[in-house]
Structure formats: C-alpha cells, structure tokens
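The values are calculated or read from the model by the stated rules, or taken from the named source; none is laboratory data. Just so you know, these numbers come straight off a predicted model, no measurement behind them. When we count neighbours, we look across all protein chains shown, and the Cβ atoms used for this are built from the backbone with ideal geometry, even at glycine.
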Amino acid sequence: MDLGITGRTALVTGGDSGIGWETARILLDEGATVVLSDQDADSLAEAAARLDAPEGRLHHVAADLSTDEAVKELAASVTDLVGDLDILVQSAGITGAQGLFHEIDDEGWTTTLTVDLLAPIRLTRAFLPGLRRGGWGRIVYLASEDAVQPYDDELPYCAAKAGVLAFAKGLSRTYAEEGLLVNCVSPAFIKTPMTDAMMEKRSKEIGSSVDEAIESFLDEERPYMELGRRGLPEEVASVVAFLCSDRASFVNGSNYRVDSGSVATI
Ligand code: NAD
C-alpha cells in the first residue's frame, strides 16, 4: 500500500532505537524526509547511519526533551533543516520510577512525568504552528497499554501515558477540520531496549536467564498477550506509519492498541 507521504516532512523522537527507529525506516521507505531525534548525539548519529537513507532525506538532531528550552531549540533546528513539519511522531519515553506507590518519591514522579507527559505536550506546542500551516498534518503519540490497564509497580509511567491519551483526544478535537489529525498507538511488551532492561532486571531478581524471565513475565504479568511472545518494534511501527499516512484520512482521536490482546477489554 502506498502511504501517500512522498515529500512530506517528519520528526521522529526516540529515534535511536526501538519503535521510533523502525518508524523512521518506514517513513523514509515511503518517500518522506525524516528528522531523527534522540538524546545522545553519538548513538543518534549511528542510528541515522544504520538507516542508510537517500541523500538529503534524513537529518538528525540530538535533544534531551526534559526541558522546554531544549524542545524549543529542537524546533528551531528542525525548522532550519526541513521547514514546517507535516508529521510528528513522539516515541521518546522512559519506564521511569518503578516500585509500589510508597516506594516512589517526588523526584521519581517528576522525572517520569516530565519525559513521558510534559515532553509530548511541549513538542506539540513547539511544532503546532508549522503543522497547522500546511493544511495537512499528522501527530502520533506512543502511549501504552498501561494508560488504560495500570500496573501498580509503575504508576508514574501509567499516569503519564493516561495523560497522553487524554491530551491527544482533546487535541484531536481542535485542529481536525484544518487537516491536522491526532492519534495514539498503545503497545505492550515490545522487544526494544526498554523491555530488554526490564527483563534483565527481572532475571537478576528471580535468579533466572533473560529468556526465562520473559517467559515467566508473560505467564504471570501479561496473561492476555495471546501470541505468547514479545512484539517486534516493526509490528508497532507499521501501525504508527499508517496513522502518519494519507490513507488514515478519516482516523482522528483514536488509540490503536498493538498488544496482542494484553488489555483485557476490547
Ligand atoms: P526505546 O528505549 O527503544 O526508545 C525510547 C527512546 O526514547 C530511547 O532511544 C531514549 O534514548 C529516548 N529518550 C528517553 N528519554 C529521553 C529524553 N529525555 N530526551 C530525548 N529522548 C529520550 O523504547 P521503545 O520501546 O522503542 O519505546 C518507544 C515508545 O513506546 C515509548 O514512549 C514507550 O513508552 C512506548 N511503549 C513501549 C513499549 C514496549 O514494550 N517497548 C510498550 C508500551 C509503550
């Protein structure tokens, strides 16, 4: 299926690895010009090199999205490089503070909410004027199954992602008639550095191999993931890319689950 985005400009945050990197790969294949962003300049440059993009169609700008100033600087750099954006994919995120509620202090909450909720809001504010100007735009936020099915050992992450869903839904009402469509994708347990780190921690805690930790996590913690395996980043990226496309012209204010059934309700 031709996604109809040849010549469109896109920013993908969290583009170093995982879902963001795979999304950038598809957008490039579909003819878009992509700016890849992440926090570490060296690994970002390596990630961009691995994309092996046609001359002039891939740029990379490092930014730590923890402050409004850095987000504004990113917006200025991106605009200098490619002009107004047509597509914003907000994939940067952290698991953040883990533990039961009484074990997480204010700093844990603040750090997690800053990256997982405030950064998407700040990015949207910074890029909105350009996204509106073109009369055609797409914003896709990576939320999570945790937004609607919270787990009690990562409440800051759950609350942030629930906030992303509420924010996206409200935002989708304001600019749709101008052609700017806003949607979310909510994955569960995808094979990326984020869950690699979780599974390494779990394997140490239960004294098992990483493979056994994954198997026991699926059995005990994610019983409704009917495919019985971690998802692959490209299995999420294909849905993100669809929502970035001209083919998704009547999709707005939606949350697409890519979780093999993990959320217990439909
Ligand atoms: P990932 O760790 O591969 O990618 C996340 C990227 O965000 C990393 O490259 C990281 O450097 C970047 N990042 C973190 N903090 C940042 C900051 N302050 N500034 C700039 N960049 C920052 O993880 P992923 O699995 O590809 O996650 C992508 C998105 O999908 C995240 O928003 C995550 O919450 C969401 N998600 C992932 C899963 C999963 O199972 N992997 C499940 C549900 C939701």
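The combined condition, being at pLDDT 95 or above, assigned by TED's automatic domain parsing to the domain that holds VAL164 and within 23 Å of THR195 (Cβ to Cβ), is fulfilled by VAL89. Has segment 41-52 got any residue that is under 18 Å from MET194 (Cα atoms) and either more than 16 Å from the ligand (Cβ to nearest atom) or surrounded by fewer than 19 Cβ atoms within 10 Å (Cβ to Cβ) (or both)? There is at least one residue in segment 41-52 that is under 18 Å from MET194 (Cα atoms) and either more than 16 Å from the ligand (Cβ to nearest atom) or surrounded by fewer than 19 Cβ atoms within 10 Å (Cβ to Cβ) (or both).
Looking across segment 10-67, the residues that are over 22 Å from GLY83 (Cβ atoms), small (Gly, Ala, Ser) and in contact with a helix residue (DSSP H, G or I) (Cβ under 8 Å, 6 or more places away or on another chain) come down to GLY14, SER17, GLY18, ALA47, SER66. In the set SER249, SER172, SER238, only one residue is under 27 Å from ILE121 (Cα atoms) and within 16 Å of the chain's Cα centre (by Cα); that residue is SER238. Picking from residues in segment 193-209 that are within 24 Å of ASP38 (Cβ to Cβ) and of a type in the set (A, V, I, L, M, F, W, C), the one that is surrounded by the most Cβ atoms within 10 Å (Cβ to Cβ) is MET199. Restricting the search to helices (runs of 4 or more DSSP H) fully inside segment 1-118 and requiring at least 1 residues that are in contact (Cβ under 8 Å) with a residue 60 or more places away in the chain and over 18 Å from the mean Cα position of the chain (by Cα) gives 68-82.
Within segment 214-253, the set of residues being buried (at least 18 other Cβ atoms within 10 Å of the Cβ), more than 25 Å from ALA24 (Cβ to Cβ) and not aliphatic (A, V, I, L, M) comprises PHE217, ARG222. Quick check: anything in segment 100-111 within 19 Å of THR9 (Cα to Cα), of a type in the set (Phe, Trp, Tyr) and either in the same structural domain as VAL239 (by TED's automatic domain parsing) or near the ligand (Cβ under 10 Å from one of its atoms) (or both)? The answer is no; no qualifying residue exists. Yes or no: segment 131-138 includes at least one residue that is on the phi < 0 side of the Ramachandran plot and modelled with pLDDT under 95. Scanning segment 131-138, I find at least one residue that is on the phi < 0 side of the Ramachandran plot and modelled with pLDDT under 95, so the answer is yes.
Here is a check on your reading of the model: is TYR151 of a type in the set (Phe, Trp, Tyr) and surrounded by fewer than 17 Cβ atoms within 10 Å (Cβ to Cβ)? Yes.
Residue by residue, here is whether (1) among the small types (Gly, Ala, Ser); (2) touching a residue at least 40 places away in the same chain (Cβ under 8 Å) holds:
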site	(1), (2)
LYS169	no, yes
SER186	yes, yes
PHE217	no, no
MET225	no, no
GLY228	yes, no
LEU232	no, yes
ILE266	no, no
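Here segment 134-146 is the region considered, the condition is being near the ligand (Cβ under 10 Å from one of its atoms) and in contact (Cβ under 8 Å) with a residue 60 or more places away in the chain, and the residue that is surrounded by the fewest Cβ atoms within 10 Å (Cβ to Cβ) is GLU145.
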